[in-house]
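A.B. asks: Right, I'll just put the structure down here and ask away after.
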Amino acid sequence: MAGPASTRRSTLAAEIRRRTGLNPAKCYQCGKCSAGCPMAEETRLRPHDILRLVQRGRRDRLFADDSIWLCLTCETCSARCPNEVGPARIIDALRELALESGEGAPPRAIRALHESFLKQIRRHGRIFEFGMIAGFKLRSGKLFADVGKMPATMKRGKLALSPRNIAGVGDVRRIFDACAAAAGKEVRP
Amino acid sequence: MSRIGVFVCHCGENLGRTVDAAEVARASGTLPGVAHAIDYKYMCSDPGQALIKQAVAEKKLDGVVVAACSPHMHEKTFRRATAGAGVNPFLCEMANIREHCSWIHENRPAATAKAIDITRSIVEKLKRNAPLEPIRIPVERRALVIGGGIAGIQAALDIADGGREVVLVEKGPSIGGHMSQLSETFPTLDCSQCILTPRMVEVYQHPRIKLLAYSEVEAVEGYIGNFTVKIRRKARGLDETKCNGCGQCQASCPQKKIPSEFDAGLGKRSAIYVPFPQAVPNIPVIDARHCARWKGIVKGLKKLACGKCLEVCGRGAITFDLEDKFVTEKVGAVVVATGFQLYEIGRDHEADGLKGYGEYGYGKIPDVIDGLQFERLASASGPTAGKLQRPSDGKEPRTIVFLQCVGSRDPAKGIEYCSKICCMYVAKHTMLYRHKVHDGRAVVFYMDVRAGGKGYEEFVRRAIEEDGAEYIRGRVSRLERDGDVVRVQGFDTLSGEPVTIDADLVVLATAMRSQPGIETLAQKLSVSYDRHGFINEAHPKLRPVETNTAGIFVAGACQAPRDIPDSVAMASAAASKVLGLFSNAELEREPIVARVDEATCAGCFHCLRVCAYGAVERKEIRDKKGNLIKVVASVNRGVCQGCGTCQATCPGKSVELEGFTDPQIYAAINAF
Amino acid sequence: MKLGYFPGCSLHATARECEESLRAIAAPLDVELAEIDDWACCGATSAHATNHLLSVALPARTLALAERQGFDTVLAPCAACYARLASARHELAKDKALLERVAAILERPFTNAVKVVSIAELLRDLAPKIREQAKRPLGGARVAAYYGCLLVRPTEVSGFDDAEQPSSMEAVIAAAGGTPVEWRRKVDCCGAGFSLSRTGSVIRLGRAILEDAKKAGAEAIAVGCPMCHSNLDLRQKAMSRTLPEPLGLPILFLSQVVGLGLGLDPQALGLGRHFVGTGSFVAKVTAPPAPAEKPAETKQEVA
């Protein structure tokens, strides 16, 4: 496959190693991760492809694709990896890197979920599902998905309607700000 | 010593680049006691050595310093040259100005100055050298071979055919090892039994081979040329001299459901048994764990159970003798050929740091077997007489999936090395299967195909191109039993697709491991082993069949994963080393050994406690009337390896290491 | 036994029955659950997928609170919360520099001394007591134990059970008088956090899990994770849509299974809150033994 001419070693692999302590060069492309990956039939890049592209420093292909965002972090790959490469943690680091550098972003629905989820925690210290779901719908555009489930869920006493902040919400906001500062930008997927 | 010659080598560019050899020679020439100093491009070459011999003769030199490379490299060369010139070889020393100087420095003047310092220090040491004579040790020209697999058989036959006696010790009831369990062998598909059993018989009938089967090495003492080995002869429960191998006892034994080790658990055997019909020796053993009578005897029951074999034995050979016996053999060399065991995917080996494969069901899925079990299924001598039937229901498998690298190349499970033989035997298995089941499907999951041997690559290609084996590049994530089939969940990394196959039988090419208990044996022999229990060779390239203990050699899969050709080659190499050692009645050794000054030794025996080689003994000093005056330490010059630990430990400075005495070392240091 | 209790966000909402059943079985098992005062959300997937430091710092705050409030062990009955808390604890134990950095962010003393246990680990260790207290064993009802991902993985974090062939939940089911089912999908992923954002994936993965449990003869599935629960319960109808008949597999929290075994009131165990009806399963397991013809009682004295 044609790509940018490679003139130096992958700095991406070094960056991943710095962040995670895991060495992407350990991947010998056996494909056991992809064989067990529950999302393998839905993603274009499978775990072993992702590791290969990290080794080759192909940020362009990694971040232009939805695949890293579709990882469920079920850890099956890491649990079975014969060479202890740890694909799940590496994919997390790639997502973090994509957001920090602005080179990639999750698909709208997943982005909406993370945004409304984190916003809830920042605002209240906990998740209040009603507010979270409302926020998700606004951000994702999936306005009518699961609407039919709402009355049944409420009937079962399963949706708390009124959010209540925890006492230490100031604490939580400070933690968000500190982690955002460490990442070089606001934590916003 | 007043007429020392200093010979400075350029080592081509190696030294010349950073050290001015001519300047080193000039400076050395001015040292007191140095009568001659010269530099030359390649001192180790023939003209270089001639230079030394000529100078010794012409300048009447009485000592030689060669300033060149490490003594590891060429000390022997230059000592030989010195001896050739008529000077005691131990009056030749090397000043290492290559590894210790030119290779590690860049500044030429500073490196040259350092080279002069090193040379001066060695000159001062040499002034205190004493002429030494090589140690002569008588050699017991008999060999011990441990392990009766193909490597041990080959080594024993080669040594015996070379005219020397061999004691062959085998742990199991029969020799033959793993090779006797194989059906056909790669890359020729010749029948394993057909090529092996004649060799086994040859061992048995050889006038110079003493076969001690069902025996283990208990203790080893001594040193090269003079080992004393105590061997445990495990109780067979019968008199070997009376048994004629008729097999009546086996047929009469009511215990018939014991899983057969020879058939890798797929077949059954009796409690009194010969592991397989072609066993050598063809003498049964009684399995104490399963024999009803033996168990009764051990428990001390008054009434003896069973006794069927006793009744049918026409020779009165059966004794139920419980006692192991011990024999002692004197040998001059040992060949270790203990072979391997296969990795098991269950949780039984966690103590060894091996985790087993939960994702492959920890060995609980009945139709998931290992390579050796497949050999037994495919073998004409196997439990199914060579008919391919899977263990669960005896059905002929229509689809077999082979998994390579199970346990091997899998640090997460505890083993990082490649087992080397699996690529080849898996290709062979696919052929054997396709030759028996023409419309069957043989699928191989592999990571790489490593077929580096004569005819090996061609063999694998034949499996794929002619015999229709389907090769899929990828490791399998999970094996699951789903009703009648084993579901194999894999990924084809070449086409980029998940692959799921419902297999009737799955064969795991599991890793080769060292034998259980090898560490204990290695400790008895004082040979080193790696963290996986494989015996270390003395040098990975130049001394592949020697160990770090003189007189002990290694052959076959106990050193690293090996196939049959490799094992046999190693065994013959070890045998030729043994025969070389036995070519003289006496052995010459370097006299760099410790010496105790008996006059000053206080008998504290710190040296005895620290000696790693068991070379220090207690010696009684008596007067003329035989009264004990004192007990002192004494060094066995045959055993001592010259490590110097005793010298460093002795509080009374009563131990000296020849060639490295305190005065020599102090002089060398003071010269800096 | 007194435990610091970290309910996590869902036990106060969609997984109320988990909390209810847990509180109900605590007393008979001599467990005191003391909720950690002012705990915050663990950050879940959204934190670790976007900002690693945040995914450690949020659980660390809760662990620091637990430490100050004098707990030595924290129970996180939600497997997702458990995984985040245990991962943070594991990582902080390995990396001293990170611990110092996080303590500085928290602006409170923190030594990372509190242990984190999952519901499966806790109940497995209590299995002898469950067996002893079981008033009305489940009549051998066939229950499939579903671990999902986060109870047993990552292996170096969890480690209380085998990652591929776990057995702790089976031990609990057996202690409660049920018959654990041998099946294949117990450590597979249900789609977890994609319930809202990528529902299709959840339907596909969940269906495979449910079908396998059904094929293995399960009458109910026991879970240890509210996320798994909501995916398999709430979305079961959608999962059944392409099948000839509805799957109809009640999804019970492990604590509910234990509660039934202890003879507690099904309503008190929150068994009325499920989307897939638990009625017939409850009726079966609460039916008096022997002639088994009498109508099943749903109300029982609390043991």
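What follows is calculated from the coordinates using simple rules that are stated; it is not laboratory data. This is a predicted model, so every value here is computed, not measured. So basically every Cβ, Gly included, is an ideal-geometry build from the backbone, and we count neighbours across all protein chains shown.
A.B. asks: Assuming 0.36 nm per residue, please report the length gained on full extension of the stretch B:Asp321 to B:Cys191 beyond their Cα-Cα distance. Spell out each step's value before the answer.
C.D. replies: Working: separation 130, 0.36 × 130 = 46.80 nm, distance 3.78 nm.
Contour length minus the Cα-Cα distance gives 43.0 nm.
A.B. asks: Of all DSSP beta bridges in the protein assembly as shown, what percent run antiparallel (nearest 5)? Could the numbers behind the result be given before it?
C.D. replies: Working: 55 of 123 bridges.
In the protein assembly as shown, DSSP labels about 45 percent of beta bridges as antiparallel.
A.B. asks: Which ordering of C:His12, B:His429 is given by a fewest-first count of other beta-carbon atoms within 10 Å? Don't skip to the end; give the middle numbers.
C.D. replies: Numbers: C:His12 16, B:His429 27.
Neighbour counts put them in this order, fewest first: C:His12, B:His429.
A.B. asks: Counting alpha carbon pairs within less than 8 Å and at least 6 residues apart, what relative contact order, in whole percent, applies to the range B:590-670? Provide the component values of the computation, followed by the final result.
C.D. replies: Details: 128 pairs, mean separation 32.3, N = 81.
Relative contact order comes out at 40 percent.
A.B. asks: Got a sec to turn the phi values of the range B:324-341 into Karplus ³J(HN,Hα) couplings, 6.51 cos²θ - 1.76 cosθ + 1.60 with θ = phi - 60°, whole Hz, x for Gly and Pro?
C.D. replies: Rounded to whole hertz, the list is 5, 10, 10, 10, 10, 10, 9, 9, x, 8, 10, 10, 8, 9, 8, x, 9, 10.
A.B. asks: If you don't mind, there's one more thing I want to ask. Leaving out same-chain residues fewer than 8 places away, which aspartates and glutamates sit with a Cα under 17 Å from that of C:Lys135?
C.D. replies: Straight-line reach from C:Lys135, under 17 Å: C:Asp30, C:Asp265, C:Glu297, C:Glu301.
A.B. asks: Two-decimal Rg/Rh of the range C:64-125 from alpha-carbon positions, Kirkwood Rh?
C.D. replies: Details: Rg = 12.1 Å, Rh = 12.2 Å.
On the Cα set of the range C:64-125, Rg over Rh gives 0.99.
A.B. asks: In degrees, nearest 10, range 0 to 90: what is the angle between the Cα axis of helix B:71-84 and the longest Cα principal axis of chain B?
C.D. replies: Roughly 60 degrees between the two axes.
A.B. asks: Please check which bits of the range C:203-246 a label hung off A:Phe144 would reach, taking the label as a point 7 Å along Cα-to-C-beta and the cut-off as backbone N under 13 Å.
C.D. replies: Those under the cut-off are none; the list is empty.
A.B. asks: If each DSSP helix of 4+ residues adds -39,500 (n - 2.57) and the sum is divided by the residues in chain A, what number results at 222 nm, nearest 500 deg cm²/dmol?
C.D. replies: Details: 10 runs with 100 residues, N = 189.
It lands at -15500 deg cm²/dmol.
A.B. asks: To the nearest Å, what is the center-to-center distance of the range B:234-261 and the range C:36-91, using C-alpha atoms only?
C.D. replies: One Cα centre to the other: 65 Å.
A.B. asks: Could you check the simple spin-label distance between C:Gln267 and B:Glu519, using points 7 Å along Cα→Cβ, in nm with one decimal?
C.D. replies: 6.4
A.B. asks: Right, another one. Can you give me the pair-distance distribution of the range C:163-284, C-alpha pairs, 5 Å bins, whole percents?
C.D. replies: 2, 11, 22, 25, 21, 13, 5, 1
A.B. asks: With θ set to phi - 60°, apply the Karplus curve 6.51 cos²θ - 1.76 cosθ + 1.60 along the range C:175-189 and write out the HN-Hα couplings as whole Hz, x wherever there is a Gly or Pro.
C.D. replies: So the Karplus estimates, Gly and Pro as x, are 4, 7, x, x, 10, x, 8, 7, 8, 9, 9, 6, 10, 6, 8 Hz.
A.B. asks: Can you give the % of DSSP beta bridges in the range B:129-265 that are antiparallel, to the nearest 5?
C.D. replies: On the way: 10 of 19 bridges.
Taking every DSSP beta bridge within the range B:129-265, about 55 percent pair in antiparallel fashion.
A.B. asks: To the nearest 10 degrees, how steeply does helix A:129-140 sit against the main Cα axis of chain A, on a 0 to 90 scale?
C.D. replies: 60
A.B. asks: Taking a 25 Å limit on the Cα-Cα distance, which of the listed pairs B:Lys387/C:Lys186; B:Lys171/B:Lys428; B:Lys395/B:Lys436; B:Lys171/B:Lys210; B:Lys268/B:Lys395 fall beyond it?
C.D. replies: Values: B:Lys387/C:Lys186 37 Å; B:Lys171/B:Lys428 29 Å; B:Lys395/B:Lys436 14 Å; B:Lys171/B:Lys210 14 Å; B:Lys268/B:Lys395 19 Å.
The pairs that break the limit, which is 25 Å between Cα atoms, are B:Lys387/C:Lys186; B:Lys171/B:Lys428.
A.B. asks: Now, a different point. From zero outward in steps of 10 Å, how is the percent of C-alpha pairs of the range B:341-513 spread across the bins?
C.D. replies: Pair shares across the bins are 10, 40, 39, 11, 0.
A.B. asks: Given labels modelled 7 Å from the Cα in the Cβ direction, how far is it in nm from B:Tyr666 to B:Thr649?
C.D. replies: Computed distance between label sites B:Tyr666 and B:Thr649 equals 2.4 nm.
A.B. asks: Provide the percentage of antiparallel DSSP beta bridges, counting only those with both residues in the range B:341-513; round to the nearest 5. Walk me through the intermediate numbers first.
C.D. replies: Values: 15 of 32 bridges.
Taking every DSSP beta bridge within the range B:341-513, about 45 percent pair in antiparallel fashion.
A.B. asks: Specify the angular offset, from 0 to 90 degrees and rounded to the nearest 10, of the alpha carbon long axis of helix B:456-465 from the longest principal axis of the alpha carbons in chain B.
C.D. replies: 30
A.B. asks: Sticking with this structure for a sec: Taking 37 °C and 0.692 mPa s as the conditions, I'd like the Stokes-Einstein D for the range B:69-152 in µm²/s, using the Kirkwood hydrodynamic radius from alpha carbon pairs. Walk me through the numbers on the way to the answer.
C.D. replies: Values: Rh = 16.2 Å.
Rounded to a whole number, D works out at 203 µm²/s.
A.B. asks: What do you get when you divide the Cα radius of gyration of chain C by 2.2 N^0.38 Å, with N the number of residues?
C.D. replies: Values: Rg = 19.1 Å, N = 303, 2.2 N^0.38 = 19.3 Å.
In units of the globular-protein estimate, chain C measures up at 0.99.
A.B. asks: Quick one: give the max-minus-min coordinate of the C-alpha atoms of the range B:162-237 along each principal axis, largest first, in Å.
C.D. replies: If we take the Cα atoms of the range B:162-237, the spans are 44, 34, 22 Å.
A.B. asks: Here's something else I'd like to know. What whole number of Å gives the distance from the Cα centroid of the range B:277-354 to the Cα centroid of the range B:430-494?
C.D. replies: So the separation of the two Cα centres works out to 38 Å.
A.B. asks: Report the Rg/Rh value for the protein assembly as shown, based on alpha-carbon coordinates and the Kirkwood definition of Rh. Please report the intermediate quantities before stating the final value.
C.D. replies: On the way: Rg = 37.6 Å, Rh = 35.7 Å.
With Rh from the inverse mean 1/r over Cα pairs, Rg/Rh is 1.05.
A.B. asks: Restricting to DSSP H runs of at least four residues, report the calculated mean residue ellipticity at 222 nm for chain B, -39500 (n - 2.57) per run over all residues, nearest 500 deg cm²/dmol. Intermediate values should be presented prior to the final figure.
C.D. replies: Working: 18 runs with 183 residues, N = 672.
For chain B, the value works out to -8000 deg cm²/dmol.
A.B. asks: For the range B:235-323, what does the convex hull of the Cα positions come to per residue, in cubic angstrom?
C.D. replies: Convex hull of Cα atoms, per residue: 92 Å³.
A.B. asks: Could you tell me what fraction of 2.2 N^0.38 Å the Cα radius of gyration of chain A comes to, as a two-decimal ratio? Provide the component values of the computation, followed by the final result.
C.D. replies: Working: Rg = 19.2 Å, N = 189, 2.2 N^0.38 = 16.1 Å.
Relative to the 2.2 N^0.38 Å estimate, chain A comes out at 1.19.
A.B. asks: For every other residue with a beta carbon closer than 10 angstrom to the beta carbon of A:Gly21, add +1 if it is Lys or Arg and -1 if Asp or Glu, then tell me the sum.
C.D. replies: Details: positive: A:Arg17, A:Arg18, A:Arg19, A:Arg89, C:Lys94; negative: C:Glu91, C:Asp95.
So the surrounding residues net to +3.
A.B. asks: log₁₀ I(q)/I(0) of chain B at q = 0.09 Å⁻¹, via Debye over equal Cα point scatterers, no solvent, to two decimals?
C.D. replies: Per q value, in the given order, log10 I(q)/I(0) is -0.93.
A.B. asks: I would also like to ask the following. Treating cross-link reach as a plain straight distance, find the lysines whose alpha-carbon is under 17 Å from the alpha-carbon of B:Lys619, omitting any fewer than eight places away in the same chain.
C.D. replies: Of all the lysines, those that pass the test against B:Lys619 - Cα under 17 Å, at least 8 places apart if same chain - are B:Lys630.
A.B. asks: Mind giving me the nanometre distance, one decimal, between the label points for A:Arg19 and B:Ile104, set 7 Å out from Cα along Cα→Cβ?
C.D. replies: 4.2
A.B. asks: Let me ask something else. Considering only Cα-Cα distances, which of the following residue pairs are longer than 24 Å: B:Lys355/C:Lys96; B:Lys234/B:Lys330; A:Lys137/C:Lys214? Please list the in-between numbers first.
C.D. replies: Values: B:Lys355/C:Lys96 29 Å; B:Lys234/B:Lys330 20 Å; A:Lys137/C:Lys214 34 Å.
Where the Cα-Cα span goes over 24 Å, the pairs concerned are B:Lys355/C:Lys96; A:Lys137/C:Lys214.
A.B. asks: Within a 10 angstrom radius of the beta carbon, how do A:Trp69, C:Trp183 rank from fewest other beta carbons to most?
C.D. replies: Numbers: A:Trp69 23, C:Trp183 19.
With the fewest neighbours first, A:Trp69, C:Trp183 line up as C:Trp183, A:Trp69.
A.B. asks: Provide the convex hull volume over Cα atoms per residue for the range B:4-127, in Å³. All intermediate terms of the calculation are to be shown ahead of the outcome.
C.D. replies: Working: hull volume 10.0 nm³, N = 124.
Expressed per residue, the convex hull around the Cα atoms of the range B:4-127 is 80 Å³.
A.B. asks: Order these by the 10 Å Cβ neighbour count, fewest first: A:Ile166, B:Ile369, B:Ile195. Could the numbers behind the result be given before it?
C.D. replies: Details: A:Ile166 17, B:Ile369 23, B:Ile195 14.
With the fewest neighbours first, A:Ile166, B:Ile369, B:Ile195 line up as B:Ile195, A:Ile166, B:Ile369.
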